[in-house]
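Written below as structure tokens is the structure these notes are about.
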Amino acid sequence: MNEIIYSVVVPLYNEELVINESYRRLVKVMDKIEESYEILFINDGSTDCTKTLAEHICNADGRIKLINFSRNFGHQAAITAGMRYASGNAIIIIDADLQDPPETILDMIKKWKEGFDVVYGKRAKREGESLFKKFTAKVYYRLLKSMTKEDIPVDTGDFRLISRKVCDTLNSLPEKNRYVRGLVSWVGYKQTFVQFDRQERFAGETKYPLNKMIKLAFDGIAAFSTKPMEISGTLGMILLAIGTLSFIFIFVSNVISGSDVININLLLAFNLMMFGIVFCFLGIMGQYIGRIFVESKDRPLFIVDSTTNYDKRL
């Protein structure tokens, strides 16, 4: 069997409207390279016809391989599975929705051949997205960068090329709450980027609604920073000092004026604020403790139900 040079990892979740076009454009790009490749579709528990369509593609083209999860385990788990099953010397991660143009892969390969181990796609423009999403994404990436010691590049997603040694290093990391783009930055090696304009989604709906974006954002912060806990401790000390000084001030004022306790509503509001802040910080600590709990159970990150065009089972 000829050595596979490139493995293209494509997570799928309810992508029946886009999978055929995604396959067509990926093959068109990869055929230009004139080197051996494979495309790995990772079906993350889709509930539509994605699995059936992917199987049809695999039956018609032996270079396409399919890995079906037993249920939906999430985008980061699907990427991880693709990296574990990939056989190529260079692994390219790209979503099926065609917002990240497959044609950019050619520029990534050029950088890889120049000696870079990681080539990530950096978004110059984001088309077809609301102002709210653009703004919150911009704020989040810069907040994450300011809160972590790792040099996680801004305005990037999981669209990137990694070398075999980077892939093997990532596969050796045991953690379950995976934030792949952060892990890629953490492992180091020689990294660069190529810029591209992010396109409007070809068809269907985004698989990252607001609630999933918030979870992904906190995963990134919790995985690479302890600053939320440090901030909560510092702010707690400040609020304790404010509360203590306020109590002394009110007590002295009442003694001087000879009046009963006054401004009870203000004090109740202040107490309510304090309790709210305390519970917020308990929630932050709970998130960290919850991650320790998940890691301690040591369950697999995903379960593979079946594969197509693949004789390798991990």
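No lab work stands behind these numbers, since they all come straight from the coordinates. Since the structure is predicted, the reported quantities are computational estimates derived from the model, not experimental observations. Counting neighbours? That spans all protein chains shown, and the Cβs are built from the backbone with ideal geometry, glycine included.
Could you order the peptides 95-108, 72-85 from most to least packed, using the average number of other C-beta atoms within 10 Å per residue?
Numbers: 95-108: 20.1, 72-85: 21.6.
Averaged packing, sorted descending, gives the order 72-85, 95-108.
Could you tell me what a quarter of the Cα convex hull surface of the stretch 4-57 works out to, in nm² with one decimal place? Walk me through the numbers on the way to the answer.
Numbers: hull surface 14.1 nm².
Its average projected convex-hull area is 3.5 nm².
The protection proxy used here, the mean number of other Cβ atoms lying within 10 Å of each residue, ranks peptides 58-66, 86-94 as follows, highest first: 86-94, 58-66. Modelled this way, with points 7 Å down the Cα-to-C-beta line, the labels at ILE4 and ASP31 are 2.0 nm from one another.
Fully extending the segment from THR52 to ASN72 would add 5.6 nm, taking 0.36 nm per residue of separation and subtracting the current Cα-Cα distance.
Packing-wise, with mean Cβ within 10 Å as the measure, how do 14-21, 35-42, 185-192 rank, highest first? Write out the running numbers ahead of the final one.
Working: 14-21: 20.0, 35-42: 22.8, 185-192: 16.6.
Output ranking for 14-21, 35-42, 185-192: 35-42, 14-21, 185-192.
Relative to one another, the C-alpha centroids of the stretch 110-126 and the stretch 5-54 are positioned 20 Å apart.
In the structure shown, do any of LYS125/LYS176; LYS32/LYS176; LYS28/LYS125 have a Cα-Cα gap over 27 Å, and if so which? Numbers along the way, then the final one.
On the way: LYS125/LYS176 32 Å; LYS32/LYS176 37 Å; LYS28/LYS125 24 Å.
With Cα atoms farther than 27 Å apart: LYS125/LYS176; LYS32/LYS176.
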